[in-house]
1. Using modelled backbone amide H atoms (1.01 Å from N, in-plane), which distant-in-sequence or interchain residues come within less than 5 Å of residue 600's amide H?
2. Ordered by residue, what ³J(HN,Hα) values in Hz, to whole numbers, does the stretch 196-205 give under the Karplus form 6.51 cos²θ - 1.76 cosθ + 1.60, where θ = phi - 60° and Gly and Pro are x?
3. Defining a contact as two alpha carbons under 8 Å apart and six or more residues distant in sequence, what relative contact order in percent does the stretch 281-388 show?
4. Which of the peptides 436-443, 312-319, 589-596 is most tightly packed, and how do the rest follow, going by the mean number of other Cβ atoms within 10 Å of each residue?
5. At q = 0.22, 0.26 Å⁻¹, what log₁₀ I(q)/I(0) does a Debye calculation on the Cα points of the stretch 439-500 give, no solvent, two decimals?
6. Tell me, what is a quarter of the convex hull surface for the C-alpha atoms of the chain, in nm² with one decimal?
7. Based solely on its DSSP helices, what 222 nm [θ] is calculated for the chain when runs of n ≥ 4 H residues each add -39,500 (n - 2.57) and the sum is averaged over all residues, nearest 500 deg cm²/dmol?
8. Among the listed pairs 475/748; 481/512; 159/481; 427/459; 461/509; 542/661, give every one whose C-alpha distance is greater than 21 Å.
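Just so you know, all these numbers are worked out from the coordinates, no wet-lab data involved. Not measured: the values here are computed from a predicted model. Cβ placement follows ideal geometry from the backbone for every residue including glycine, while neighbour counts extend to all protein chains displayed.
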Amino acid sequence: MGNRYVKPKHLRQPNRHVANLAIADVLCSKVLELEKELKRKDQQLQESRSHVAELQEQLAVQTKVIAELTKELQSKCIQLNKLQDVVSTQGEHSLQPSPFKVSADRRRGAKEGVSAEPTTGLCDLNRQTMFSLEKATVRKDSSEKKLITDALNKNQFLKRLEPHQTRDMVECMYERTFQQGSYVIRQGEPGNHIFVLKEGSLEVFQQNKLLSSIPVWTAFGELAILYNCTRTASVKAITNVKTWALDREVFQNIMRVTAQTRQEQYRNFLRSVSLLKNLPEDKLTKIMDCLEVEYYDKGDYVIREGEEGNTFFIIAKGKVIVTQSTTDHSQPQVIKNLYRGDYFGEKALISDDVRSANVIADEYNVECLVIDRETFNQTVGTYEELQTYLEGYVANLAQADEKRHAKGRSFCGQLTKEVSLEMIELKEKVAQFPPSPFQNLEVVTTLGVGGFGRVELVKVKNENMAFAMKCIKKKHIVDTKQQEHIYSEKKILEQICSPFVVKLYRTFKDNKYVYMLLEACLGGELWSLLRDRGSFDEFTTKFCVGCVTEAFDYLHQIGIIYRDLKPENLILDAEGYIKLVDFGFAKKIGSGQKTWTFCGTPEYVAPEVILSKGHDFSVDFWSLGILVYELLTGSPPFSGADQMMTYNLILKGIEKLDFPKAITRRPEDLIRRLCRQNPTERLGNLRNGINDIKKHRWLSGFNWDSLKVRKLTSPLKRELSGPTDYSYFDSYPPEVGSPPDELSGWDKDF
């Protein structure tokens with residue numbers, strides 16, 4: 001009975017199998033759903049990550065914009081405070097008018113030159129250098145170095161320095177601490193250091209007004225390492241503060257030594273090239289300035305066999321292999337190795353060159369110095385020109401130098417013969433003056449004032465004969481360490497003989513001043529005339545440019561670099577001709593040499609001066625381009641709220657500048673070609689020299705021959721009633737007090 005209700009085994013199995021299949025189907029379906037869900041979640045995660053990356057990128061951009069806006073806002077605050085100070089000052093004195101107030105206001109736009117201490121004593125290559133980087137290095141850990149480096153690289157000016165220069169700055173920075181309430185920088189005091197804030201809180205004040213705070217790991221005070229300057233704001237420690245500091249002398253030595261070391265290295269490389277070893281120093285220097293650095297990683301082809309080339313290479317770092325195809329092998333075979341100082345591709349400088357081999361980098365970070373044929377031809381000359389020039393060059397070098405000096409002497413002698421009888425009488429008269437100048441001279445009026453002292457119009461007592469007397473405060477010269485510049489001005493003016501440069505007749509001295517008795521040019525300053533007119537037309541500007549170009553042509557021929565061109569240093573004589581005055585920054589340099597002192601007027605200095613790369617005659621051509629722009633528009637192209645902002649604008653370059661409509665196409669082309677960032681590319685500094693400027697299309701038709709002999713009628717000539725007519729000069733208040741005596745004896749040769 002009981003067994004009949006039990007199903008047979010073969011009848012129960014199918015139902016269980018069906019059930020298992022159903023479960024499996026459900027599980028598979030579930031797995032598929034989970035996989036789909038997982039895929040969807042992965043996709044969402046990817047989208048979220050992409051969105052986060054986009055947001056981070058936007059945040060970085062916005063952070064950068066905020067930083068730039070904050071910096072701009074701080075700049076505007078400084079400008080606003082300056083304007084408020086001017087307004088308040090004018091309000092305070094509005095009830096007390098001064099007879100000289102109008103004149104002082106009219107001088108407000110005049111630009112002043114700046115200068116670091118001359119470095120001649122430090123950079124004589126024939127003597128062992130006085131600066132030791134090793135001795136100046138201060139130990140610090142790698143994380144500290146990175147933070148300081150990042151701080152310097154965030155600075156608008158310092159980020160333009162080369163990496164090895166920044167590295168050396170970091171190595172030489174030393175720690176300075178300041179107590180709460182003390183001043184790191186005090187407004188009005190001379191500055192000598194750049195700082196990086198390590199820890200603590202600092203605030204910036206101007207005229208006791210809070211301008212901003214300084215974040216940790218920020219560089220500040222950088223203008224002081226370029227040249228002597230007074231601080232324009234105060235920086236006060238709100239808490240105890242730690243900083244890293246570097247002084248101007250160490251910074252300038254780092255810039256000079258690194259540049260000189262590299263220049264000497266390049267010179268040695270080039271002298272080893274048979275094609276170039278007999279080139280004169282000035283042309284070799286131009287090649288050095290044109291060399292660019294290119295980098296290659298292991299396996300990179302520097303040149304390929306069979307390709308046409310126009311580039312010459314010198315290995316500055318690393319190793320390369322040279323391979324060449326042969327009939328016996330299917331692959332190019334290594335034929336030699338080249339190392340630092342070796343060169344290749346020199347044939348490309350003189351003709352089209354089909355490369356006969358491969359040159360391949362055999363190490364990582366191989367560095368090659370490179371110059372192409374077009375640059376070589378423009379700056380140095382074509383091969384044909386050089387062959388003619390170099391024929392017998394070494395043997396005849398002394399003879400050529402003698403001819404060049406003789407040419408300079410004959411030119412000066414010719415001009416001397418053409419000097420009028422009146423000028424000869426003036427020279428004879430001056431030679432008879434006693435050592436004390438004011439025994440025979442009396443002051444008529446003041447023609448100009450400056451930080452150095454004053455320029456007085458003086459006349460010979462009881463005679464109708466006038467001069468300009470430059471009275472220079474000896475104590476001011478010593479305080480600013482400008483003795484070398486003053487001596488240089490004296491020596492240069494004594495040897496100059498040009499109708500486009502003011503004449504020096506004699507020097508004097510007493511306990512308070514040194515004096516320079518100069519030619520009186522009473523047509524007035526070009527700057528004040530430009531100020532009153534607003535701008536000049538093209539005809540007038542061409543005449544001004546012509547006079548300055550002739551002055552530069554003469555000066556550069558005798559090895560003198562001027563370095564301070566601006567309307568304030570151009571003066572008109574009785575015939576309306578322009579003469580260069582103020583040779584305080586002028587310097588005599590040898591052919592192919594450079595000089596390193598930061599000097600000039602901020603709006604007119606060339607990029608290589610700002611970056612302490614060493615500079616030569618090409619800085620005068622840069623300033624000529626700036627002058628053309630200012631004469632045509634009334635203001636220079638680069639002018640910021642402060643000097644550091646002006647320098648950053650200059651370093652951005654003329655290429656980024658939109659020209660106003662007042663400057664037409666041809667003068668714009670001249671300006672842009674004079675103001676190339678690379679000195680070797682500037683008009684006037686190419687192989688044809690200053691003739692390229694004279695032959696520029698904007699100056700086409702200008703009568704250079706008549707200008708040289710002063711037969712060209714000046715558009716700036718003004719009527720004068722006599723030799724003491726000073727009506728075209730601004731009025732100045734009398735000097736208050738007397739400067740202290742300075743008896744150190746530095747002026748014994750005056």
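1. 114
2. With coefficients 6.51, -1.76 and 1.60, one gets 10, 6, 8, 7, x, 10, 10, 10, 9, 10 Hz.
3. Details: 234 pairs, mean separation 44.6, N = 108.
Answer for the stretch 281-388 is 41 percent.
4. Numbers: 436-443: 15.4, 312-319: 20.5, 589-596: 16.9.
Highest-to-lowest ranking by the protection proxy: 312-319, 589-596, 436-443.
5. Treating every Cα as an identical point scatterer, log10 I(q)/I(0) equals -1.02, -1.07.
6. Details: hull surface 230.5 nm².
Quarter of the Cα hull surface area: 57.6 nm².
7. Values: 21 runs with 296 residues, N = 750.
Theoretical 222 nm ellipticity from helices: -12500 deg cm²/dmol.
8. Details: 475/748 15 Å; 481/512 16 Å; 159/481 29 Å; 427/459 14 Å; 461/509 19 Å; 542/661 18 Å.
With Cα atoms farther than 21 Å apart: 159/481.
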